[in-house]
Number of protein chains: 2
Amino acid sequence: MSSERISDAELTIMEILWERAPLTATDVAARLPHDREWSLPTVKTLLSRLLSKAAVEHRADGRRFLYSPLIGREDYVAHESKRLVDRLFGGKFMPLFAHLAEQENLSDADISEIERLLQEMKS
Amino acid sequence: MSSERISDAELTIMEILWERAPLTATDVAARLPHDREWSLPTVKTLLSRLLSKAAVEHRADGRRFLYSPLIGREDYVAHESKRLVDRLFGGKFMPLFAHLAEQENLSDADISEIERLLQEMKS
DNA sequence: ACCTTCCGACTACAACTGTAATCGATTCGA
DNA sequence: TCGAATCGATTACAGTTGTAGTCGGAAGGT
């Protein structure tokens, strides 16, 4: 749901709320990663954009707002992963897997781990 | 290389050039997918943006230009895949694989195919 | 009853994107 | 040779994004 795209900067905010919610704007600002130290107004702008995209909601707490995510991280991840697969791999999973496997230069341990995963999935 | 991001619309153009190059702007326009029938000026704008991003190059042919990709599809795909893994999976391959595998509901045939791939990769 | 401080709302503004129109030069068909 | 078609270059313009400043009102200290 909620097909409005979430931008990079907005995602930084979402990650904070996914880790802990509800939070005030000030709390969110305090939890920014060190390579992203934005001003409080910037954080508020991003929060209100996320509000209008229906990605978060807020509830009044006295005279400030408490923000919480409306879309789940799982949903977002699924959506973005699918987007990549569609854009670059013709919607097919296998070519992406092949690409990643090659790219990542998997260790034998990784390979065993994947094999274990696959066994579990076999119907 | 060339860390300028390629936008969605620009990617449509790159796909055409990756399939066949060199092409003139008009040729590119003629090969647009049916859900993306842009005007010729639009195609030219996108080509010139790709030029300034050093994603394509052009060579004069009489009074028009022949465009060719400068960055390879493989490189682009690798870059974007890594970007996704970094943004959403903490840079780790395994969680992405687990997510995709679950998401895609792999058939037994798919699983066998993957197992074959893995065997090939074992050192 | 004031002054400071804090909040959300609104405004700003440049870069990038999607989508195109227009213009000046050139070439090609008649 | 003259008008039409075609090219690349320039300009346009609204929406999104990154990043922030400002403003009016409310809360809280004194």
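The values are calculated or read from the model by the stated rules, or taken from the named source; none is laboratory data. Keep in mind that what you see is a predicted model, and the values were worked out from it rather than measured. Methodologically, a virtual Cβ is constructed for each residue, glycine included, from the backbone with ideal geometry; neighbour enumeration extends over all protein chains shown. We work out accessible area using only protein heavy atoms, side chains counted, and drop any ligands, DNA or RNA first. Shrake-Rupley method; radii C 1.70, N 1.55, O 1.52, S 1.80 Å.
Things worth noting here:
- Test set (1) more than 30 Å from A:Thr12 (Cα to Cα); (2) open to solvent by 50 Å² or more (accessible area, probe 1.4 Å) - B:Arg5 fails condition number: (1)
- Inter-residue pairs, beta-carbon under 7 Å, first aliphatic (A, V, I, L, M) and in region B:32-48, second within 9 Å of DNA strand D (Cβ to nearest atom), 6+ apart: B:Leu40/B:Ala25; B:Leu40/B:Thr26; B:Leu40/B:Ala29; B:Val43/B:Ala25; B:Val43/B:Ala29; B:Leu47/B:Ala25; B:Leu47/B:Tyr67
- Highlighted here are the helices (runs of 4 or more DSSP H) found entirely within region B:1-104 that include at least 3 residues which are away from DNA strand D (no atom under 16 Å from the Cβ) and more than 9 Å from chain A (Cβ to nearest Cβ): B:8-19.
- Scanning region B:55-85 for residues that are of a type in the set (A, V, I, L, M) and more than 13 Å from DNA strand C (Cβ to nearest atom) turns up B:Val56, B:Leu66, B:Leu70, B:Ile71, B:Val77, B:Ala78, B:Leu84, B:Val85.
- Boolean, B:Leu11 is of a type outside the set (Val, Ile, Thr) and under 25 Å from A:Glu102 (Cα atoms): yes
- Taking the criterion of being open to solvent by 60 Å² or more (accessible area, probe 1.4 Å) and among the basic types (Lys, Arg), the residues of region B:54-103 that qualify are B:Arg59, B:Arg63, B:Arg64, B:Arg73, B:Lys82, B:Arg83, B:Lys92.
- Selection count, region A:16-46, where residues are within 8 Å of DNA strand C (Cβ to nearest atom) and either within 21 Å of B:Leu88 (Cα to Cα) or among the aliphatic types (A, V, I, L, M) (or both): 2
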